[in-house]
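Novice: Below is a structure I'd like to ask you about.
The values are calculated or read from the model by the stated rules, or taken from the named source; none is laboratory data. Please read these numbers as outputs of a predicted model, since none were measured by experiment. Here Cβ is always computed from backbone atoms with ideal geometry, including for glycine, and neighbour counts include all displayed protein chains. The accessibility values were calculated without ligands, DNA or RNA, using every heavy atom of the protein model including side chains. Shrake-Rupley method; radii C 1.70, N 1.55, O 1.52, S 1.80 Å.
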Amino acid sequence: MKKIINDPEQVVDEMLTGMVMAHPEIVRVNGFNVLIRKESKKKDKVTLISGGGSGHEPAHGGFIGYGMLDAAVSGEVFTSPTPDQILEAIKAVDTGKGSLLIVKNYSGDVMNFEMASEMAEMDGIEIEQVIINDDVAVEDSTYTTGRRGIAGTIFVHKIAGAMAEKGASLSEVKRVAQKAINNLRSKGMALTSCTVPSVGKPTFEIAEDEMEVGLGIHGEPGVEKIKIKSAAEIAENLVDSIVEDLPFKSGDEVALLINGLGSTPLMELYILNKSVQDLCRKRGIKVYKTYVDEYMTSLEMAGASISMLKLDDELKELLDEPADTLVLKQGGKKDD
Amino acid sequence: MNCNKEQVINIIKNIASTMEKNKEYLTELDSAIGDADHGINMNRGFKAVVEKLPEVEDKCIGTILKTIGMTLVSTVGGASGPLYGTAFMYAGREVTGEKELDLTDIKNLFRAALEGLVKRGKAKPGDKTIVDTLTPVVDYFKSSLDEKTDNEILEEIVSIAKESMEATKPLLAKKGRASFLKERSKGHLDPGAVSCYLMIKEFAAVLKGVA
């Protein structure tokens, strides 16, 4: 394992410390792995809390700020945060208007956030929760855990964050978050594994000429291992499953997110984007807005995921609203 | 069969050291069908539990178990934190005020732990989870054990737990992260089923006086 670290047990703590040193607009809650928006309590609005295991940087702390999250909770690497940490995040930003917890569909995240919301409700804080399940690689069945949540989560932060900023009620913020989830599909692929610092060796083995298709964001193996293909063929594999799932139809307008998993150069992400947009055009799907960058990574894994959000007028308007976070900045600066 | 407070403390300490010893093994099992953190997480949790024990050593067994549950919930994370945490909290609630447990208490304690697990994780036997190891043990405790000696009972629960843990290998995972792998989840032991077996083994070893 070659990594720029001091102690595998301290990676989360030291990362968070380094992060607030670099970004004075976010604050760490003393003694907790919780980052919050500076002075967020001054604002009379529904608060948005997200989080999960560490190793997905810039998610989730990178999306704290105007128009998106109020607080982010970090667990250990690829491990859900514990309920006491989540509760602290909820309390740290509570304005009295309630909190929406944005949770990805992993058993650990679901259970820990559920315990935290039970605890917050005992403290008199109104809580709503949405579960993101955008990954089409995973079979959705009533007999299983269902689909996991991956990079499409960023769209949910953006849509719900814009609604909360308008002063909407908790139920309204939840409604648009759920609408985004219902219209959101993603799929990812990887060329290499990542190495969890405390484990010290790659999570899975993969040959030089192979790729994992349909994997998640924790270095867990994908649903199939196949021979490496061109960007155009990779795009086709991912886009076909995404488009057929919702389904996205000719005439639909979508927002596109091409997400890097940690060690894929922007060059390759842009090439993938070109291939994806070609496919959309062929299928008569109009791309309204495109985001290409690293939003939700899997440590140093090489690979990418594609997310598509089907838009209507309301979602378009919320997507266009300004955001001022560490990573996503659009439409001019808005101060807290 | 009786189990006093000192034995409870010893069981927990032995579970902690077995988690430490099996840290890499559990993590390896988890990297095949999960996200490679089960051993690390369980070790972190039980290390914190051992540090916490001196604070509650003079309390009743119920309080000790509830404190263990709370500590696991706030240090393990992932899915195993809330699952084992809830199991220990439910087990603790069942034996509130007790300084020594008899066979009936122990039966109730195991049943309550399973109830907590199922409530939190909503898994059924056959889903390839911790529940697969624990359910047959609880079922065995439900049967009439009058004619058996303590040692026979303790040996039996360990072999039942071992068999049921091994039986998770060919199963298709229906809960947790392994379920995302569908067919690819077959052929691997469930890491949670294994850690649960390790706990039951330590429990029996202390009561048999061999650990």
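Novice: Report the Cα centroid-to-centroid distance between region A:163-189 and region A:199-270 in angstrom, as an integer.
Specialist: With region A:163-189 and region A:199-270 each reduced to a Cα centre, they are spaced 24 Å.
Novice: Would you mind finding the longest exposed-site-free stretch of chain B, with exposed GluC sites (Glu not before Pro) meaning DSSP loop and at most 16 other Cβ atoms within 10 Å?
Specialist: Details: sites that count: B:Glu57, B:Glu147.
Within chain B, the longest run free of exposed GluC sites (Glu not before Pro) spans B:58-146.
Novice: Answer rounded, prolate or oblate for region A:185-314, using the Cα gyration tensor with square roots of eigenvalues a ≥ b ≥ c: rounded when a/c is under 1.5, else prolate when a/b is larger than b/c, else oblate. Numbers along the way, then the final one.
Specialist: Numbers: a/c = 2.15, a/b = 1.86, b/c = 1.16.
Taking the square roots of the gyration eigenvalues as a ≥ b ≥ c, region A:185-314 is prolate.
Novice: Cα gyration tensor of chain A, axes a ≥ b ≥ c as square roots of the eigenvalues: rounded (a/c below 1.5), prolate (a/b > b/c) or oblate?
Specialist: oblate
Novice: Would you mind calculating the gained length between B:Lys119 and B:Lys59 on full extension (0.36 nm times residue separation, minus the Cα-Cα distance), in nm to one decimal? Can you show the working numbers first?
Specialist: Numbers: separation 60, 0.36 × 60 = 21.60 nm, distance 2.68 nm.
The B:Lys119-B:Lys59 span can extend by a further 18.9 nm.
Novice: Let me ask something additional. For chain B, what is the mean residue ellipticity at 222 nm derived from helices alone (per DSSP H run of n ≥ 4: -39500 (n - 2.57); sum divided by total residues; nearest 500 deg cm²/dmol)?
Specialist: Here the helix-only value at 222 nm equals -22500 deg cm²/dmol.
Novice: I would also like to ask the following. Cut-off 10 angstrom, C-alpha nodes, Gaussian network model of chain B. Which of B:Thr104, B:Thr71, B:Thr96 fluctuates the most?
Specialist: B:Thr104
Novice: To make sure I understand the rule: partners must be aspartates and glutamates, Cα under 13 Å from the Cα of A:Lys282, and not fewer than 8 residues away in the same chain. Which ones qualify?
Specialist: A:Glu236, A:Asp240, A:Asp252
Novice: Sticking with this structure for a sec: Filter the GluC sites (Glu not before Pro) in region A:170-231 to those in DSSP coil with at most 12 other Cβ atoms within 10 Å of their Cβ, and list the result. Walk me through the numbers before you get to the answer.
Specialist: Working: sites: A:Glu172, A:Glu205, A:Glu208, A:Glu210, A:Glu212, A:Glu224; in loops: A:Glu205, A:Glu208.
Answer in residue order: A:Glu205, A:Glu208.
Novice: When only Cα pairs under 8 Å and 6 or more residues apart are kept, what is the percent relative contact order across chain A? Display every interim value, and only then the final one.
Specialist: Values: 787 pairs, mean separation 62.2, N = 336.
Relative contact order here is 19 percent.
Novice: A follow-up question, please. Rounded, prolate or oblate: pick one for region A:43-91, where a ≥ b ≥ c are the square roots of the eigenvalues of its C-alpha gyration tensor, a/c under 1.5 means rounded, and failing that, prolate if a/b is larger than b/c, else oblate.
Specialist: Oblate, because a/c is 1.5 or more while a/b does not exceed b/c.
Novice: Taking the Cα atoms only, what angle lies between the long axis of helix B:61-75 and the longest principal axis of chain B, rounded to 10 degrees?
Specialist: Here the helix axis deviates by roughly 30 degrees.
Novice: Here's something else I'd like to know. Per residue, how much accessible area does the protein assembly as shown show when a 1.4 Å probe rolls over the protein heavy atoms, in square angstrom?
Specialist: That works out to 39 Å² for each residue.
Novice: Taking Cα pairs under 8 Å and at least six residues apart, what relative contact order does region A:163-233 come out at, in percent?
Specialist: 22
Novice: Relative to the Cα centre, what is the charge dipole magnitude of chain A, using +1 at the beta carbon of each Lys and Arg, -1 at the beta carbon of each Asp and Glu, and rounding to the nearest 20 debye? Kindly include the intermediate steps, with their values, before the conclusion.
Specialist: Working: 37 positive and 54 negative charges, 173 e Å.
It comes to approximately 840 debye.
Novice: Label B:Glu183 and A:Asp13 with points 7 Å out from Cα along Cα→Cβ: what is the distance between them in nm?
Specialist: Distance between the two pseudo-spin positions: 4.6 nm.
Novice: A 19 angstrom limit on the alpha carbon distance is what I want to check against. Which of B:Lys107/B:Lys142; A:Lys201/B:Lys162; A:Lys42/A:Lys329; A:Lys91/A:Lys179 exceed it?
Specialist: Flagged as over cut-off: A:Lys201/B:Lys162; A:Lys42/A:Lys329; A:Lys91/A:Lys179.
Novice: So how long is each side of region A:10-183 along the principal axes, counting just the alpha-carbon atoms, biggest first, in Å?
Specialist: Per principal axis, max minus min of the Cα coordinates gives 43, 38, 29 Å.
Novice: Just the number, please: buried accessible area between B and A, total of both chains, 1.4 angstrom probe, nearest 100 square angstrom.
Specialist: Counting protein atoms only, the buried area is about 2700 Å².
Novice: Continuing with the same structure: So how much slack lies between A:Ala207 and A:Lys42, counting 0.36 nm per residue of separation and subtracting their Cα-Cα distance, in nm?
Specialist: Full-extension gain reported as 54.1 nm.
Novice: Given 4 °C and 1.567 mPa s, compute D for region A:2-83 with the Stokes-Einstein relation, Rh being the Kirkwood radius over Cα pairs; round to the nearest whole µm²/s.
Specialist: 99
Novice: From the phi angles alone, apply the Karplus equation (6.51, -1.76, 1.60; θ = phi - 60°) to region A:319-329 and give each ³J(HN,Hα) in whole Hz, x where the residue is Gly or Pro.
Specialist: 5, 7, 4, x, 9, 9, 10, 4, 9, 9, 10
Novice: Roughly how many nanometres apart are two label points built 7 Å out from the Cα toward the Cβ at A:Ile4 and A:Asp320?
Specialist: So the two model labels end up 4.0 nm from each other.
Novice: Restricting to DSSP loop positions (anything but H, G, I, E, B) with no more than 10 other Cβ atoms inside 10 Å of their own Cβ, which GluC sites (Glu not before Pro) remain in region A:35-101?
Specialist: Values: sites: A:Glu39, A:Glu76, A:Glu88; in loops: A:Glu39.
Within region A:35-101, no GluC sites (Glu not before Pro) qualify (loop, at most 10 other Cβ atoms within 10 Å).
Novice: Relative contact order for chain B: what is it in percent, counting Cα pairs under 8 Å that are at least 6 residues apart? Before the final figure, lay out the partial values.
Specialist: Details: 343 pairs, mean separation 45.6, N = 211.
About 22 percent, as a whole number.
Novice: Over 26 Å apart: what share of the alpha carbon pairs of region B:1-113 falls there, rounded to a whole percent?
Specialist: In whole percent, the long-distance tail amounts to 18.
Novice: So, in nm, how far is label B:Lys99 from label B:Asn151 when the simple model puts each one 7 Å beyond its Cα toward the Cβ?
Specialist: 2.9
Novice: Given R₀ = 51 Å, what would the calculated FRET efficiency be for A:Ser169 paired with B:Glu24, taking r from the Cβ atoms and rounding to 0.05?
Specialist: E between A:Ser169 and B:Glu24, to the nearest 0.05, is 0.55.
Novice: Just round it to a whole percent: the fraction of Cα-Cα distances in chain B exceeding 31 Å.
Specialist: 13
Novice: Right, next: Quick check: at a probe of 1.4 Å, how many percent of the accessible area of region A:10-183 sits on carbon and sulfur atoms?
Specialist: About 49 percent, which is the carbon plus sulfur part of the accessible surface.
Novice: So if I take the centroid of the Cα atoms in region A:43-74 and the same for region B:33-93, what is the distance between those two points in Å?
Specialist: Comparing the Cα centres of region A:43-74 and region B:33-93, I get a distance of 28 Å.
Novice: Quick one: if you take sqrt(5λ) for each eigenvalue of the C-alpha gyration tensor of region A:253-307, what semi-axes come out, biggest first, whole angstrom?
Specialist: 22, 11, 8
Novice: Give me the lysines in straight-line cross-link reach of A:Lys225: C-alpha distance below 17 Å, same-chain residues under 8 apart excluded.
Specialist: By straight Cα distance, A:Lys225 reaches A:Lys187, B:Lys182, B:Lys186.
Novice: Note down the magnitude of the dipole of chain B about its Cα centre, charges +1 on Lys and Arg C-beta and -1 on Asp and Glu C-beta and zero elsewhere, to the nearest 20 debye.
Specialist: Magnitude of the dipole: close to 860 debye.
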